[in-house]
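Visitor: Supplied in structure tokens, the structure appears directly below.
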Amino acid sequence: EALRLLAAQGDASDVERAQALLADPDAGVRQAAAELVAARAPDRAVALLEAQTVADAAALAPLAAKVQGSELEAQLASDRVRPVLLPSVLGGEGRGALAQLASRKGDGAARLTMIGSLGRLGGNEARDTLQKILDDGDQPEKVRKAAFRALRRLQRQAARTERFANA
């Protein structure tokens, strides 16, 4: 409760004390510390996410929500930060960043993760991006396979939704 009070009424000097609590064994303490840091030092969110030893996406969501724009794309490409950041992106405003990362060249783990995430996310933009990747014969085979699986997942999800809507 003290951390939540500091998040609401504290100042930037409280951030230093809260940083150590981002790795606390208690998820509630980690979440309260993340809320404090996100409220008082949003510009430090990326650096703090990179330094985390506990990959607790739910507790660190307030920090993840502060990562935007080109920083978001860079951090989604990072193997260290992606597991913490991806759930917030899937539930928030980062859909465009996912599509951009999925459309880039290469066959690295970050790109394959973004392609799979688009299949889970659904929507017209995701479908169009996946179809474009699949149709591009210059893409590496494993990228095209990942796009095919993601597109099929998206199509099955859309068919289930339509079936239940008409039932």
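Visitor: Does Asp136 meet the test of being within 22 Å of the chain's Cα centre (by Cα), acidic (Asp, Glu) and assigned by TED's automatic domain parsing to the domain that holds Lys105?
Guide: no
Visitor: Can you pull out every residue in the stretch 25-41 that is outside any helix (DSSP H, G or I) and in contact (Cβ under 8 Å) with a residue 24 or more places away in the chain?
Guide: So the first thing to find is which residues in the stretch 25-41 are outside any helix (DSSP H, G or I), and the list is 25-26, 41.
Scanning the stretch 25-41 gives a single hit, Ala41.
Visitor: Run Arg82 past the list (1) modelled with pLDDT under 90; (2) in contact with a Gly (Cβ under 6 Å, 6 or more places away or on another chain); (3) not aliphatic (A, V, I, L, M) and report the number of the one that doesn't hold.
Guide: It is condition (2) that Arg82 fails.
Visitor: Considering only the stretch 97-111, how many residues are within 14 Å of the chain's Cα centre (by Cα) and modelled with pLDDT of 80 or more?
Guide: 7
Visitor: I'd like to know if the stretch 54-66 contains one or more residues that are over 23 Å from Asp128 (Cα atoms), in contact with an Asp or Glu (Cβ under 9 Å, 6 or more places away or on another chain), surrounded by fewer than 18 Cβ atoms within 10 Å (Cβ to Cβ) and at pLDDT 75 or above.
Guide: no
Residue-wise test of (1) at pLDDT 95 or above; (2) surrounded by 18 or more Cβ atoms within 10 Å (Cβ to Cβ).
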residue: Ile115; (1), (2): no, yes
residue: Gly123; (1), (2): no, no
residue: Ala126; (1), (2): no, yes
residue: Lys132; (1), (2): yes, no
residue: Ala147; (1), (2): yes, yes
residue: Arg152; (1), (2): yes, no
residue: Ala158; (1), (2): no, no
residue: Arg163; (1), (2): no, no
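The values are calculated or read from the model by the stated rules, or taken from the named source; none is laboratory data. Every value quoted in this text rests on a predicted model; they were computed, and no experiment measured them. Cβ coordinates were reconstructed from backbone atoms using ideal geometry, including for glycine residues, and neighbour counts include every protein chain displayed.
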